[in-house]
Amino acid sequence: METSIPHLREILVFLTAAGVLVPLMQKFKISPVLGFLLAGLLLGPHGAGLLAHVWPPIGTIVITESEGVHALAEMGIVFLLFMIGLELSFERLSTMRKKVFGFGGLQVGITAMVIGSIAWAFGNKPETSMLLGLGFALSSTAIVMQILAENKRMGSLVGRASFAILLFQDLSVILLLFFLGFTNLGVQGGLSSPSALAYLGKALWSAATATIGIVIIGRLVLRPVFKMVGKGKNTELFIAATLLTVISIAAGAEAVGLSMGLGAFLAGLLVAETEYRHDVESAIEPFKGLLMGLFFMSVGMSVDLRMVLGDPFWILASVIGLFAVKAGIIFTIARTLKVTTGRALELGLLLGQAGEFAFVLLAMASDMKLISENDAQFMLIVTSLSMMITPLVARMAYRVRLVLDGPDVSIYGPDAFAVDAIDNHVILAGYGRMGHVISDILNQQNIPCVAIDHAPEAVAPNDVPLLKGDATDYETLNKAGIRRAVAVAVLIDKTEEARKVVEMVKSIDPKMLIVARARDGQHAAELFRLGATATIPDMVEGSLHVAHELLTHIGVPMAAATKAVERQRTIEAAEIQQAIKSNA
């Protein structure tokens, strides 16, 4: 069927699958990700497409060539990375740098060495082994993020750790592309040849200058553009401006030698710095879902069941081995970083598959004659199958985690089942008598609140949802609705725990309003330095109240007593500010 629109038949088949097959699978509680993967397997060139030469009419309702779908699916990856950047900001990325470059760097480095060593043991060349190790160290950002989003677990400990690892992996793709080019020159003239070294230096310099240029130009241009478009209050124009931003910055990045995905990620970071972040998120959401569906279908289409059935042992052994190696390494790193056993296991299994970049890697390695076509096809099947079984593995891992670590959070109080519906509320980290008084005052002003305490069953009940858990834990804060809250009151009297709560809240939302209880001026200064908006030192305020009562009862006029106390309060505040400066 010849048409003037490129890939029209592929688009029609995809929309049919999205409108019929996937909803049908959802009815049977099959994940949309798995639904698109199975739809691709069924309707692709290795599924019903095989019947096209037997019965030609079927060729009009299935996809016989997956190249067109792959081309469209690349846009899905672009929008996914844009959404990831939109969830962040340069400030939040800076806050997460230890997890991203620490946890993520360890995972990629160790996994690449282990998988590379295995590839070398099977007789591959050193440069081929290095490429395979680096490529298969990466996981599927598209599938993992979609699974976490579907289950509303982006804010959980596993979700945040997955995000940090995947973000480092996405950033490392550009280095892998450089390494591919470097290796290609090395194959031609030796890895230490002047041309190869010159290429590496030039590539790194070009990438750095191009990235800085995109960030500077984007910051100067984006805010005025969105401000102008926003004034018109035209939804269609706003959507058009958003799509133009994503595609133009991604295309600009590709034009200067970077990947489109990295350009889209930078675009998301830049838009996240503006006040139009949430409007853009809403505008792009429908397009992202459809384009991501295209990517999942393209993965399903790349699985050739004939090859799987022809060599089932080695293919299945390779898929299981890939999950075992990656999950084992991530589990070990997570346990070293004090993550609980169940969550460490869930994190490892969730990230155990190969990633989207493996498709690019295998194609380029095959073109460079670093790997034979048969070996490339074998690894392509392993990659695709590992992606396809991820939704099932993730569900199993989550259930195992519940058995090992127990339920996430217990909720007490009359509104226990309404926590997920509470919005624009205050989170009370720590409860007790102080929390009870504060919640009563908030309720009088019709301001909702959710409290967190280690032992809520010992607290006198009132009309506040009370979560049993640790306020320093992602899971607990996520259950309390940290992303929907307007403020957090840290009422914990233990100095170290209060510090950890402030750090945790700031890592989730750097702009969150935090009012914290402090033991003394020094503790107050430390909480300020960590990001608290305001602190109230117990000892100082208690002393000032006692002094005020003493002065008035021994005959000092009320006005004079109040003035003396306020003067001392100002002195104490100045000392706290001085302590902050000296510790900065």
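See the values below:
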read-out: Yes/no for ALA376 being surrounded by 21 or more Cβ atoms within 10 Å (Cβ to Cβ), farther than 21 Å from MET145 by Cα and among the small types (Gly, Ala, Ser); value: no
read-out: Single condition VAL78 does not satisfy, out of (1) modelled with pLDDT under 75; (2) crowded, with 21+ Cβ neighbours inside 10 Å; value: (1)
read-out: Candidates THR340, THR390, THR383 - the one that is farther than 15 Å from VAL299 by Cβ, among the polar types (S, T, N, Q) and assigned by TED's automatic domain parsing to the domain that holds LEU34; value: THR340
read-out: Total residues in segment 133-153, condition without any contact (Cβ under 8 Å) to a residue 60 or more places away in the chain and within 8 Å of the chain's Cα centre (by Cα); value: 0
read-out: Check on THR128, among the hydroxyl-bearing types (Ser, Thr, Tyr), modelled with pLDDT of 85 or more and assigned to a helix (DSSP H, G or I); value: no
read-out: Criterion: over 19 Å from GLY159 (Cα atoms) and hydrophobic (A, V, I, L, M, F, W, C) - qualifying residue of ALA334, ALA267, ALA327; value: ALA267
read-out: Filter result for LEU544 (part of a helix (DSSP H, G or I) and either in contact with a Gly (Cβ under 9 Å, 6 or more places away or on another chain) or within 30 Å of ASP453 (Cβ to Cβ) (or both)); value: yes
read-out: Of residues in segment 550-561 being at pLDDT 80 or above and in contact with a helix residue (DSSP H, G or I) (Cβ under 7 Å, 6 or more places away or on another chain), the one surrounded by the most Cβ atoms within 10 Å (Cβ to Cβ); value: ALA561
read-out: Which numbered condition VAL303 fails, given (1) farther than 30 Å from MET379 by Cα; (2) over 20 Å from the mean Cα position of the chain (by Cα); (3) outside any helix (DSSP H, G or I); value: (1)
read-out: Cβ-Cβ under 8 Å pairs, at least 6 apart or on other chains, segment 243-266 side of a type in the set (Asp, Glu), far side modelled with pLDDT of 80 or more and outside any helix (DSSP H, G or I); value: none
read-out: Residue tally, condition in contact (Cβ under 8 Å) with a residue 40 or more places away in the chain and either within 30 Å of ASP470 (Cα to Cα) or loosely packed, with under 14 Cβ neighbours inside 10 Å (or both), over segment 317-346; value: 13
read-out: Flag if GLU572 is surrounded by 15 or more Cβ atoms within 10 Å (Cβ to Cβ), closer than 30 Å to LYS98 by Cβ and assigned by TED's automatic domain parsing to the domain that holds ARG483; value: no
read-out: Condition check for THR472: touching a residue at least 40 places away in the same chain (Cβ under 8 Å) and hydroxyl-bearing (Ser, Thr, Tyr); value: no
read-out: Residues within segment 31-65 that are buried (at least 21 other Cβ atoms within 10 Å of the Cβ) and either outside the structural domain of PHE14 (by TED's automatic domain parsing) or among the polar types (S, T, N, Q) (or both), tallied; value: 1
read-out: Residues of segment 429-458 that turn out to be on the phi > 0 side of the Ramachandran plot and touching a residue at least 40 places away in the same chain (Cβ under 8 Å), as a count; value: 2
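For (1) modelled with pLDDT under 80; (2) small (Gly, Ala, Ser), each residue gets a yes or a no:
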{"position": "LYS511", "(1), (2)": "no, no"}
{"position": "ALA532", "(1), (2)": "no, yes"}
{"position": "HIS548", "(1), (2)": "yes, no"}
{"position": "ARG567", "(1), (2)": "no, no"}
{"position": "ALA574", "(1), (2)": "yes, yes"}
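The values are calculated or read from the model by the stated rules, or taken from the named source; none is laboratory data. Please read these numbers as outputs of a predicted model, since none were measured by experiment. Neighbour counts run over all protein chains shown; Cβ positions are idealised from the backbone, glycine included.
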